[in-house]
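Chemist: Okay, handing you the structure first.
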Amino acid sequence: MSCSGTIEKITSKSEPIFRSRLVNMVVNCIIKDGKKTLAYQIIYRAVKNIQQKTETNTLLVLRQAIHRVTPNIGVKI
């Protein structure tokens, strides 16, 4: 017998301070030894330094930095 209910799509949770999925994805990439709080501290410290050095939106700067380091061409192996 098949399920008659609908399946809800699971969405990733946004992080608590900036409410940005981008920050959450970066944190998940830099997790060290499974310590997510340490990864959040690293990101928040970096964002604080960006905010002190530039007067622009920190999430915009983070988004631009990630866009610049991603490859333009997809590579298939």
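Chemist: If you go through segment 21-45, how many residues are modelled with pLDDT under 90 and of a type in the set (G, A, S)?
Modeler: Looking only at that region, the number is 1.
Chemist: State which residue pairs qualify: first residue within 18 Å of I43 (Cα to Cα) and inside segment 6-28, second residue exposed (fewer than 11 other Cβ atoms within 10 Å of the Cβ) and at pLDDT below 85 in any location, beta carbons under 8 Å apart, and separation of 6 or more residues or different chains.
Modeler: From segment 6-28, the pairs are R21/S12; N24/S12; N24/K13; M25/S12.
Chemist: Please work out if E55 is in contact with a helix residue (DSSP H, G or I) (Cβ under 6 Å, 6 or more places away or on another chain) and either surrounded by fewer than 13 Cβ atoms within 10 Å (Cβ to Cβ) or at pLDDT below 85 (or both).
Modeler: So E55 fails the test.
The values are calculated or read from the model by the stated rules, or taken from the named source; none is laboratory data. Just so it is clear, the model here is predicted, and its values are computed rather than measured. Using ideal geometry, Cβ is built from the backbone for each residue, glycine included, and neighbour counts are taken over all protein chains shown.
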